[in-house]
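Notes follow once the structure below has been shown.
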Amino acid sequence: MKKVFISIAFVLTIFRSYADEGMWLPHLLSQLNEGRMKSLGMKISATDIYSINKGSLKDAIVSFGGFCTGEIISTQGLLLTNHHCGFSAIQNHSSLEHNYIQDGFWAMDKSKELPNNGLFVTFIIRIDDVTTSVLAGTNATMTEKERQSMIDKNIASLQKTILKETTQNVIIKSFFEGNQYYAFVTETYRDVRLVGAPPSSIGNFGKDTDNWMWPRHTGDFSMFRIYANRDNKPAEYSADNVPYIPKKALNISLSGIDNGDFTMIFGFPGKTTQYLPSVAVEQIVSINDPAKILVRDKTLEVIDKFMRTDEKTKIQYAAKWASISNAWKKWQGEVLGLKRTNAVAKKVQFETTFQERVNTHEAFAAYKNILPDFKNVYAQYAPYSLAKDYFTEIFSKLELFTIIGQLNAVNNAYKNGGEEAYRKRIIQAKGSLTKFFKDYNSAVDKKVFEALLPIYLSQPEAFVSAELKNAFTNAHQNYTNLADYIFQENNLYNIDFIFQMFNQSGEDFVQTFNTFKTVHLYNDMVATYQREIQKPLTPLQEQIDNLQRTYTKAQLAVMKEKKFYPDANSTMRITYGQVNGYQPKNGVYYEFLTDLDGVIEKYKPGDYEFDLPEKLIKLHTEKDYGIYGKNGKMPVCFIASNHTTGGNSGSPALDAYGNLIGLNFDRVWEGTMSDINYDASICRNIMVDIRYVLFITDKFANAGHLVKEMNIVYPKNKKK
């Protein structure tokens, strides 16, 4: 057997690249990270962060709505998250008469706090390793379907036996591509009320121009309150509920931040793919991301024109615009960052060393063909993956198809379950469609449809609906004519007509529904996708999943000098780093902190993105910053090298003592590729300084009663 020689330079490269990256499971910090965190300046212990025996930082952190993170900042259940995380709630309470998007909202006492149907927060009670139990009975000879069936059976059994209280749930999640499993015992509270939010001119200052960018000057925060029953347990909304009393509320530090300060981000990051092979990353850079960017380019161009000319449409489409543009701009930065940091070349270098080791070490012989197999299957996968991205991106942007999808579900309920199932599904459809039509404009939808038709129709013939091709021919190959044809059946987007249809018997509804030509077009587009794209893609995806699981296991075994962390999967994680600036390109260096002077410099009266409230301008002119300013400046935002992603929005930025110093809301544009390839040279997360949050709450909004709920500390004074 040959000895495996590891280049010292290679080991150092690996260490530098991965030393402080990672999204770590909090219950494993004492084993994996505590020493390193303390060497960077952390002053607390791993058990102060995660404990099941006492109140710890984890008990102040919640999954907010399942899509963001929030943190408890008072013993009365006051919760802080991002403005963009609370935006749907803010929008739902807004109207032309009470425009909380434009003017902001502040409840001056608890009786004025606004309930939000469907909004919830989830606490993590504890985390258990259940790998052995979940993988019991699985083996390498199983197909993906057989393996997953066994795992599902084991998980179902485990969920019944894991110790928990009656108000708690158990979620079992896969880690390291199915090589490890952890159980999360959770508790969910469903009475969450809006307490405060600044106007969008502060909470979303800079909007799309500044999104994903640094320097940043956005006060991206909103406040909610968790309510519980009289026993402090979860309960549906009731006027009798009382503010939740937490096991732990975060202290608020007004000491501020300095270059090099230790920072932690605690939250629920959504998804990362750090362990992909180079061939997969190459396809993302050159094929998939550009395709998705193109579709959203066209969509946003249409929506922007309508929003800039009509206030009602601006309100209706504000949240949709934000959702569409967020990923659109992120993907652009991702491509830029992956290219600038030579991510594919670095993956190839890593794989070269990996391949050398498996070729020369008998214990790794089973892994010899992983990389060649990846190359082969991704070559087959590429055209179908591209077609899938086009279909899912285009289909999801056409709101008429959302309506048809709801009606189709009612249609299928009758066909599969008869009149009783039909009536039950109508109740659900009415609720969804009532909410949908509140923010629907058929003129916008039609123009989006027209803009996206050329992209859909430009694909290989097999991937395109035959009915749509025929309709295009009949429309004299004119996209405007085709859009006119599709939208001429205006009863499909008439809520009164739709609700009249719901008054029919199931049989009559099905007959009426299927008279619409657009319904047949919709069904043919879906059937074409399922037959020509999804069907051949499924076995290829299964091969990739199998290879990725094996490759991840192989990396853990072969590359022993590297500390591995599991990819994000919306479970609780902690990341750590330091406050510092960065150099995005040659000759340019960005400092770590911005202040209110920069907000005023960007101010453009009447501008959609950079207008400001008069009161904020007055506070700046008079330097009326109260206890929140420093040396005549009002800090606004700062950056640090914490590894974050979607889902970390609203996460607390914590100092070395675990005190709240800021609120995570974004990443720098050049570092958005951190989901795929974290690089400490340019990856920075962006946070609103807690001093700006309190300044806006107290001095701008006159909601100082909320600040009085909080426990303010000055840890740097103690250090002196």
**Prompt:** Just checking, which of A318, A343, A365, A327 is in contact (Cβ under 8 Å) with a residue 12 or more places away in the chain, surrounded by fewer than 19 Cβ atoms within 10 Å (Cβ to Cβ) and not assigned by TED's automatic domain parsing to the domain that holds G671?
**Reply:** A327
**Hits in the stretch 34-60 (condition: under 21 Å from F120 (Cα atoms) and surrounded by 21 or more Cβ atoms within 10 Å (Cβ to Cβ))** = L57, K58, A60
**Item:** Of residues in the stretch 568-598 being acidic (D, E) and touching a Pro at 6+ places or on another chain (Cβ under 9 Å), the one surrounded by the fewest Cβ atoms within 10 Å (Cβ to Cβ)
**Value:** E591
**Meets criteria (farther than 30 Å from V688 by Cβ, in contact (Cβ under 8 Å) with a residue 40 or more places away in the chain and not basic (K, R)) for F120** = no
**Asked** Since D445 meets every condition but one in (1) within 29 Å of A382 (Cβ to Cβ); (2) in contact (Cβ under 8 Å) with a residue 40 or more places away in the chain; (3) acidic (D, E), which condition does it not meet?
**Response** (1)
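Results for (1) at negative phi; (2) over 27 Å from the mean Cα position of the chain (by Cα); (3) without any contact (Cβ under 8 Å) to a residue 24 or more places away in the chain, shown as yes or no for each residue.
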| residue | (1), (2), (3) |
| --- | --- |
| E399 | yes, no, no |
| V410 | yes, yes, no |
| K415 | yes, yes, no |
| A429 | yes, no, no |
| E467 | yes, yes, no |
| N474 | yes, yes, yes |
| N481 | yes, yes, yes |
| F487 | yes, yes, no |
**Message:** Among the residues that make up the stretch 547-568, is at least one of them part of a loop (DSSP other than H, G, I, E, B), within 23 Å of the chain's Cα centre (by Cα) and either in the same structural domain as F64 (by TED's automatic domain parsing) or charged (D, E, K, R) (or both)?
**Reply:** yes
**Asked** Tell me, which helices (runs of 4 or more DSSP H) wholly within the stretch 480-546 include 1 or more residues that are of a type in the set (G, A, S) and surrounded by 14 or more Cβ atoms within 10 Å (Cβ to Cβ)?
**Response** 506-513
**Fill in**
Considering residues that are crowded, with 24+ Cβ neighbours inside 10 Å and in contact with a Gly (Cβ under 8 Å, 6 or more places away or on another chain), the number found within the stretch 266-280 is 3
**Asked** Within the stretch 373-394, is there a residue that is surrounded by 15 or more Cβ atoms within 10 Å (Cβ to Cβ), of a type in the set (F, W, Y), outside any loop (DSSP other than H, G, I, E, B) and free of Cβ contacts under 8 Å to residues at least 60 places away in the same chain?
**Response** no
**Request:** Among the residues of the stretch 425-460, write down those that are of a type in the set (D, E) and at pLDDT 95 or above.
**Result:** D445, E450
**Fill in**
Out of (1) assigned to a strand (DSSP E or B); (2) of a type in the set (S, T, N, Q); (3) farther than 27 Å from D666 by Cα, the one T141 does not meet is (1)
**Prompt:** When you go through S63, S94, S88, S133 one by one, which is the residue that is surrounded by 15 or more Cβ atoms within 10 Å (Cβ to Cβ) and assigned to a loop (DSSP other than H, G, I, E, B)?
**Reply:** S94
**Item:** Residues (part of a strand (DSSP E or B), over 28 Å from E334 (Cα atoms) and aliphatic (A, V, I, L, M)) located in the stretch 622-660
**Value:** L660
**Request:** Looking only at the stretch 99-108, decide whether some residue is polar (S, T, N, Q) and either within 29 Å of the chain's Cα centre (by Cα) or closer than 23 Å to E236 by Cβ (or both).
**Result:** yes
**Message:** So, V410, is that one buried (at least 16 other Cβ atoms within 10 Å of the Cβ), at pLDDT 95 or above, assigned by TED's automatic domain parsing to the domain that holds V519 and under 21 Å from T392 (Cα atoms) or not?
**Reply:** no
**Set I61, I101, I124, I72: member being farther than 19 Å from V242 by Cα and in contact with a Lys or Arg (Cβ under 8 Å, 6 or more places away or on another chain)** = I124
**Asked** What are the residues in the stretch 53-83 that are touching a residue at least 12 places away in the same chain (Cβ under 8 Å) and among the basic types (K, R), if any?
**Response** K58
**Asked** Somewhere in the stretch 588-603, is a residue free of Cβ contacts under 8 Å to residues at least 12 places away in the same chain, β-branched (V, I, T) and either in a strand (DSSP E or B) or assigned by TED's automatic domain parsing to the domain that holds K347 (or both)?
**Response** yes
**Asked** What number of residues within the stretch 166-221 satisfy the criterion of being assigned to a strand (DSSP E or B), under 21 Å from N99 (Cα atoms) and of a type in the set (D, E, K, R)?
**Response** 1
**Asked** Does T263 fit the bill of being over 19 Å from the mean Cα position of the chain (by Cα), surrounded by fewer than 21 Cβ atoms within 10 Å (Cβ to Cβ), polar (S, T, N, Q) and on the phi < 0 side of the Ramachandran plot?
**Response** no
**Request:** Restricting attention to the stretch 261-299, report how many residues are part of a helix (DSSP H, G or I), in contact (Cβ under 8 Å) with a residue 60 or more places away in the chain and touching a Leu at 6+ places or on another chain (Cβ under 8 Å).
**Result:** 8
**Complete:** Residue hits (the stretch 143-158; surrounded by 15 or more Cβ atoms within 10 Å (Cβ to Cβ) and more than 14 Å from G178 (Cα to Cα)) are L158
**Prompt:** Quick check, is K615 charged (D, E, K, R), outside the structural domain of M213 (by TED's automatic domain parsing) and either in contact with a Phe, Trp or Tyr (Cβ under 7 Å, 6 or more places away or on another chain) or under 30 Å from T341 (Cβ atoms) (or both)?
**Reply:** yes
**Asked** Restricting the search to the stretch 661-676, which residues are in a helix (DSSP H, G or I), polar (S, T, N, Q) and out of contact with any His (no Cβ under 8 Å at 6 or more places or on another chain)?
**Response** T672
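The values are calculated or read from the model by the stated rules, or taken from the named source; none is laboratory data. Note that this is a predicted model, so its numbers are computed, not measured. Using ideal geometry, Cβ is built from the backbone for each residue, glycine included, and neighbour counts are taken over all protein chains shown.
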